[in-house]
Amino acid sequence: MTYVVLDGPDGCGKSSQAAALAAWLRERGAGVMHVREPGSTPVGEALRNLLLSRETGQLQTVTEALLFSAARAELVANVIAPALARGEVVVAERCYVSTVVYQALAPSPGLDVEWLFDLTRRVHGAHLPDRIFVLDVPPGVAVVRRQRRTDDRIEGRGAGYHDRVRAGFLRAAELEPRIAVVDAARPFDVVQSALRELVVGMLP
C-alpha cells in the first residue's frame with residue numbers, strides 16, 4: 001500500500017506532474033488510483049464547484065476548512081481506503097496540508113493550526129499519506145503558469161496572499177514530517193524525474 005500526495009501553491013504544476021507520475025507507475029505494472037482534492041467523488045466534486053466558483057463569494061475561513069474536510073472524508077472513505085485495500089498506489093493532488101496552509105497559515109487571522117491537524121487526523125483515520133511532496137515555486141513563476149487559465153475564487157486572492165501561501169507550505173514542511181519539498185521551478189522533466197526517484201523506493 002502506497003499513498004503519495006503532490007501539493008503546493010496554485011500554479012506549481014501538481015496536476016500535470018501527478019498525471020505523469022500515475023502514467024509512469026502504470027507503465028511499471030502498478031495499479032494506480034489518481035485522485036484530486038477536493039473532488040473524485042460526487043460529493044467532493046459538488047463541494048469543489050462551490051468552494052472554487054467565483055459566484056460563491058466570501059466564505060468564513062472555518063466554513064472553507066470544514067467543507068474541504070467534508071470532501072476529504074468522502075474521498076478517503078469511498079475511494080482511497082478501498083484502493084489501498086486492493087493494493088493499489090494512490091496518487092493524490094492535494095491533501096490536508098493545503099487546508100492547513102490556506103485556512104490557517106496564509107489568512108490573517110487564520111485558524112488554529114493544531115485544531116486543523118487534529119481535524120484532519122480524524123478525517124483520515126488510519127489512512128494518512130505515506131509521503132507528501134510539496135512542489136515549491138516562487139509566486140512569480142506560479143502567476144506565469146496560471147496565465148493559461150482563469151483564476152478560481154481562491155487563485156484570485158492577490159499577490160500578497162499567494163506570497164503567504166508559499167511561505168505557509170514551507171512552514172508546514174517544518175511542522176509535518178511526511179512532507180518533502182521539491183524544487184518545481186525547474187523544467188517539467190527534471191521535476192518528474194526527481195519525483196520518480198523519490199517514489200520508486202516506496203513501492204512494494
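The values are calculated or read from the model by the stated rules, or taken from the named source; none is laboratory data. What you see is a predicted model; the values in this text were computed from it and never measured. Because the Cβ atoms are built from the backbone with ideal geometry, glycine has one as well, and the counts that use them run over all protein chains shown.
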Inset, instruction - Check off (1) more than 18 Å from the chain's Cα centre (by Cα); (2) of a type outside the set (Asp, Glu); (3) within 19 Å of residue 151 (Cβ to Cβ); (4) modelled with pLDDT of 95 or more for residue 101 and give me the number that stays unchecked. - result: (1)
Legend entry - Condition broken by residue 180, with the remaining ones in (1) out of contact with any helix residue (DSSP H, G or I) (no Cβ under 7 Å at 6 or more places or on another chain); (2) modelled with pLDDT of 95 or more; (3) surrounded by fewer than 16 Cβ atoms within 10 Å (Cβ to Cβ) satisfied: (1)
Inset, instruction - Select, from 165, 123, 134, 181, the only residue that is under 15 Å from residue 98 (Cβ atoms), touching a Pro at 6+ places or on another chain (Cβ under 6 Å) and not in a loop (DSSP other than H, G, I, E, B). - result: 165
Inset, instruction - Inspect segment 197-204 for any residue being modelled with pLDDT of 95 or more and of a type outside the set (A, V, I, L, M) and give the result as yes or no. - result: yes
Legend entry - Lone unmet requirement of (1) in a helix (DSSP H, G or I); (2) surrounded by 15 or more Cβ atoms within 10 Å (Cβ to Cβ); (3) at pLDDT 95 or above for residue 117: (3)
Legend entry - Identity of the residue in segment 3-38, over 11 Å from the mean Cα position of the chain (by Cα) and closer than 22 Å to residue 74 by Cα, that ends up surrounded by the most Cβ atoms within 10 Å (Cβ to Cβ): 3
